[in-house]
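Take a look at the structure set out below.
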Amino acid sequence: MVRVSFYSLLRLLLKRETLSLSWTPGLDVRQLLTRVQAEIPTPFLDKLLDADGTLIPGTIILVDRHNIHHLGGLATPIADGATVALFPPGAGG
Amino acid sequence: MSTTPAQRYARQLPVWGEERQRRLARSRVLVAGVGGLGATVAQLLARAGVGRLYLVDGGTVAWPDLNRQTLYGEGDVGRAKLSVAAERLAAINSAVEVIPLAGRIDESFAVPSGIDVVADCLDNWPSRFALHRAATVGGWFVHGAVQGEQGQVLTLKAGTSESLERIFAGLAQASEPLPVTPDGAATIAGLMTNEISAVIGGMPKLLDRILVVGLGDFHCAFLEV
């Protein structure tokens, strides 16, 4: 299983805190996001990815506490049992 | 008219005790950014009885600041935030030493020696990252940020925690001013002040752990980093 947690505006938008999905060999972050969108009726992927499928700056994605920016980006592999956090942080002061 | 610490702090001493109060009085906190978060954090720390406050800001008070920047009023528009903040904080608690440091935080910024806690109340990621890189001496770093009615607080410790820049890597600063509500800023500032006080008391609650708060649905969640 893979557990996906939503934070801040994503939690407000999707009206849910988490989603658990079955793990499949070779799963990466991009594939996971697509599968999450397929499970959730509210469109949200356009807030994370642009038309080219590039991650939009504004949300951090953590796989087991590590920002995918330092891993393999959207191609970061996801292990069975992993926790993935989608967090659009506040930026103002 | 004068008073004693026991009288001035009579309503909080039953909550956190005399030892915490003594620690607060000995503490030096740097508040980076005296805007929506920093004005309230500085004010609450002054009311709590912190010993010394270093304030860093290079801005002037503008009309859009008045919805949330609690140290300023209409008559202050156009004045340097640091000057107004120093006046107001002195009026609130004359026992607190306030040291204004004018300017913006970039790669050239150096955290003064002897700081116990750095409070990141800034409004942009590049300055936040520069501040954290500079905050290697003081030890404790409490990050706060707000946007709309959402925000987060996180405590990092020099030497053991991940860098702020690594945790929030990949973010870009918006080109336009971000929306912030009065209650959103006050909520995050209050949580930051609570955590700063806890750090000073030796019991941080958010070390390597982001507290995410949203007023839109009153959610509260933790995210380990």
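Is the C-alpha gyration tensor of chain A telling us rounded, prolate or oblate? Criteria: a/c under 1.5 is rounded; beyond that, a/b larger than b/c is prolate, otherwise oblate. Working shown, then result.
Working: a/c = 1.40, a/b = 1.21, b/c = 1.16.
Judged from the Cα gyration tensor, chain A comes out rounded (a/c under 1.5).
Among the trypsin sites (Lys or Arg not before Pro) in chain A, those located in a DSSP loop and surrounded by at most 15 other Cβ atoms within 10 Å of their own Cβ are A:15, A:16, A:65. Between the range A:19-92 and the range B:194-214, the C-alpha centres lie 27 angstrom from each other. Neighbours of residue A:92, meaning other residues whose beta-carbon lies under 13 angstrom from its beta-carbon, give a summed charge of -3 when Lys and Arg score +1 and Asp and Glu score -1. Membrane-span-like helices of chain B, defined as complete DSSP H segments with a Cα extent of 20 Å or more along the helix axis and a mean Kyte hydropathy of at least -0.5, are identified as B:182-200.
Percent antiparallel among DSSP beta bridges with both residues in chain B, to the nearest 5?
About 50 percent, rounded to the nearest 5.
Report the normalised scattering of the range B:105-189 as log10 I(q)/I(0) at q = 0.25 Å⁻¹, calculated by the Debye formula with identical scatterers on the alpha carbons. Here log10 of I(q) over I(0) equals -1.31. Within 10 Å of each Cβ of B:204-213, how many other protein chain Cβ atoms are there on average? Across the residues of B:204-213, the mean count of other-chain Cβ atoms within 10 Å is 2. Summing Cβ point charges (Lys, Arg +1; Asp, Glu -1) relative to the Cα centre of the range A:26-90 gives a dipole of roughly 100 debye. Taking the centroid of alpha carbons for each part, the range B:96-163 and the range B:44-61 are 13 Å apart. When Rg and Dmax are taken over the Cα atoms of the range B:1-160, they come to 15.6, 46 Å. In chain B, taking the dipole from charged Cβ atoms about the Cα centre, the farthest positive-side position among B:215, B:124, B:93 is held by B:93. A dipole drawn for the protein assembly as shown from +1 and -1 charges on Cβ atoms has a positive end, and of B:159, A:83, B:199 the residue lying farthest that way is B:199. If the elastic network links every pair of Cα atoms under 10 Å, which of B:134, B:189, B:42 fluctuates the most in the Gaussian network model of chain B? For chain B, modelled as a Gaussian network with Cα springs under 10 Å, the answer is B:134.
Where a number appears in this text, it was derived from the coordinates with a stated rule and is not lab data. All of these numbers come straight from a predicted model, not from anything done at the bench. All Cβ positions, glycine included, derive from the backbone under ideal geometry; neighbour counts span all protein chains shown.
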